[in-house]
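Following: one structure in C-alpha cells, then a few remarks.
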Amino acid sequence: SPIIDGYLLPGDYREIFENHSQNDVPLLLGSNSDEGVIFSQPHMDEAGLKQELQRLYGEKAKVVAELYLDGKTGMPQAWHYERRDRIFEHTMYVWSILQSRYGKSPAYLYYFDRPVPEVGFGAFHSAALKYFYQNLACAKAAWEDVDYELSSRMNRYLLRFMRYGDPNEQGLESWLSFSESPDMVMELGEHVGMIPQPH
C-alpha cells in the first residue's frame, strides 16, 4: 500500500483532495468488468465468502451479502463481483467524485467490458491497456475485427486526452465528464458510448 511519509505523500487521498492539495489535472480513469477475477480465490464457497464479508464489513456484512448472494449469482462469481466493485469500480468512482468536488479539472470515467477472446478471464485487470496502447499484436489471443476497431477508438481517445486533457474528438462517440454526468460512464466494449453506471 502507499506509505504516507509526509513528504511525497502528505496524507491519505481524501485529505489531499479536501485540502485542495491534489495535482489538479484532467483525469482519465476507469475499471474493467472482470477486474476481480485474478484477485479472488477461485475455490471460495458461499460460507467462506460470508466469513470474508463479515471481516470486511462488520455489522454491514449481511446487507452486502444480500447484494452479491442474491440467488441469481453463483460462486465464485459473487466473490469476483465484490472484489471488482470494492477494489476497482468504487475507487475510481470516488476518485471522480473527489475531483469534481474539490478540483477544477475534469475527470473522464470509463468501464471496459470487452472480454479478451479465448483467454477465459473476461475483461480482466489490465486488459484495457492493450487496447488503449494498440498493443494487441503483442499478446497471444484470438483477436477479432471488433478488437482492432475498439483498440483504434480507445487509442484515439487516449491520444486526444493526452494532448488536450479532453478525450473528445470529431468522429468518436461523445464522452461526458463526470461533473457533466455523474450517473453515466463511457462503456468501452462491443458497444462504445455513455451508459448508466453499471453497478
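The values are calculated or read from the model by the stated rules, or taken from the named source; none is laboratory data. Predicted model, so just to flag it, every value in this text is computed and none were measured. Backbone-built Cβ (ideal geometry, glycine too); neighbour counts: all protein chains shown. Heads up: the accessible areas ignore ligands, DNA and RNA and are worked out on the full protein's heavy atoms, side chains in. Shrake-Rupley method; radii C 1.70, N 1.55, O 1.52, S 1.80 Å.
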Most fluctuating of L188, L129, L109 in the GNM of the chain (C-alpha, under 10 Å) is L129
With the 8 Å Cα cutoff and a minimum separation of six or more residues, the chain has a relative contact order in percent of 23 percent
Any trypsin sites (Lys or Arg not before Pro) in the stretch 32-97 that lie in a DSSP loop and have at most 12 other Cβ atoms within 10 Å would be K72
Relative contact order as a percentage, the stretch 136-199, C-alpha pairs under 8 Å and 6+ apart, gives 21 percent
Once amide hydrogens are built 1.01 Å from N within the peptide plane, the residues lying 5 or more places from A107 or on another chain with amide H under 5 Å from its amide H are L27, F178, S179
Ignoring ligands and nucleic acids, S1 exposes an accessible area, probe 1.4 Å, in Å² to the nearest 10, of 150 Å²
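Give me the percent of the accessible area of the stretch 101-199 that comes from carbon and sulfur atoms, probe 1.4 Å, all protein chains in place. Please list the in-between numbers first.
Details: 2620 of 5370 Å².
Reported share for carbon and sulfur atoms: 49 percent.
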In a Gaussian network model of the chain with springs linking alpha carbons closer than 10 Å, the residue among Y110, Y164, Y148 that fluctuates most is Y164
Which of I97, I16, I87 fluctuates most in a GNM of the chain (C-alpha springs under 10 Å)? That residue is I16
Whole-Hz Karplus couplings 3J(HN,Hα) for the stretch 173-189, θ = phi - 60° and coefficients 6.51, -1.76, 1.60, Gly and Pro as x, run 4, 5, 10, 6, 6, 4, 5, 6, 8, x, 9, 10, 8, 7, 7, 10, x
Per DSSP, the loop-located trypsin sites (Lys or Arg not before Pro) within the stretch 120-199 having at most 14 other beta carbons within 10 Å are K140
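Tell me the relative contact order for the stretch 17-126 as a rounded percent, counting alpha carbon contacts under 8 Å between residues six or more apart. Intermediate values should be presented prior to the final figure.
Working: 146 pairs, mean separation 53.6, N = 110.
Computed value for the stretch 17-126: 49 percent relative contact order.
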Asserting the computed 222 nm helical MRE of the chain (DSSP H runs at least 4 long, -39500 (n - 2.57) per run, divided by residue count, to nearest 500) equals -10500 deg cm²/dmol
Computed over the chain, the distribution of all Cα-Cα distances in 10 Å bins, rounded to whole %, is 8, 29, 33, 24, 6, 0
By accessible area (1.4 Å), largest first, M184, M92 order as M184, M92
Cα-based Rg/(2.2 N^0.38 Å) for the stretch 9-84, rounded to two decimals, is 1.46
Between the alpha carbon centres of the stretch 95-114 and the stretch 133-156 the gap in Å comes to 24 Å
